[in-house]
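Chemist: Got a structure for you, questions after.
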Amino acid sequence: MAVVIFLPASSFALDAPKGEVILTVTGKLDHPNVGDTAQFDLAMLEALDSRNGTMETPWTTGKVEFSGPLFRAVLEAAGAHADKFKLIALNDYAAEVPAEDALKIDSMLATRMDGLPMSVRDKGPLFLIYPFDTDRSLYNEKYFSRSVWQIKTIEAE
């Protein structure tokens, strides 16, 4: 039997995006805003609880500052609840990420690198970044394989 993690609902309804949609959340949602999906533009994502961190990663040269909403804040805004989430990239690469990676780890959906919006060419518009700057035990293949870039969709499975 699967354990289903429920993320608490936010106290407000999720508004429809006004700008270009860069993320769609599907599946088990309590706060859809477009049909049965939760869609986000950049402004909506950047208005959520966020973090920034300067760190080295296997995909960048030297230390880079990433910033963006906490993964859990995005899931909470959508009212997404599941025991795992499937992150799907623009090229259809996908990785399954356990809910614990959002709930217990300050992982973020980076929207900016060194203060600039992340372009598709530079792994944007969204890149799941673990807090390698504060927890070096995460710096390993297990978390590298979950660090999807060019994220377009999150499925609550």
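Laboratory data are not the source of any read-out in this text; all were calculated from the coordinates shown. This is a predicted model, so every value here is computed, not measured. Quick reminder, even Gly has a Cβ in these numbers, built from the backbone with ideal geometry, and neighbours come from all protein chains shown.
Chemist: Can you spot the lysines whose alpha carbon is less than 19 Å from residue 28's alpha carbon? Ignore those fewer than 8 places along the same chain.
Modeler: Leaving aside lysines fewer than 8 places away in the same chain, those within reach of residue 28 are 84, 86, 152.
Chemist: On to the next question. Would you work out which of 144, 13, 79 lies farthest towards the positive end of the dipole of the chain, given +1 charges on the beta-carbon of Lys and Arg and -1 on that of Asp and Glu, about the Cα centre?
Modeler: Checked the options; the winner is 144.
Chemist: Further question: Cα to Cα, under 20 Å, and not fewer than 8 places away if on the same chain: which aspartates and glutamates meet these conditions relative to residue 63?
Modeler: Straight-line reach from residue 63, under 20 Å: 106, 114, 122, 133, 135, 141.
Chemist: Would you mind calculating the relative contact order of the chain from Cα pairs under 8 angstrom and at least 6 residues apart, reporting the percent as a whole number?
Modeler: 26
Chemist: Connecting C-alpha atoms closer than 10 Å in a GNM of the chain, tell me which of 119, 145, 137 has the biggest fluctuation.
Modeler: Result for the chain, Cα springs under 10 Å: 137 fluctuates most.
Chemist: Which whole-Hz couplings ³J(HN,Hα) result when phi for each residue of the stretch 112-120 is put into the Karplus expression 6.51 cos²θ - 1.76 cosθ + 1.60, θ = phi - 60°, listed in order with x for Gly and Pro?
Modeler: 9, 10, 6, x, 9, x, 7, 7, 4
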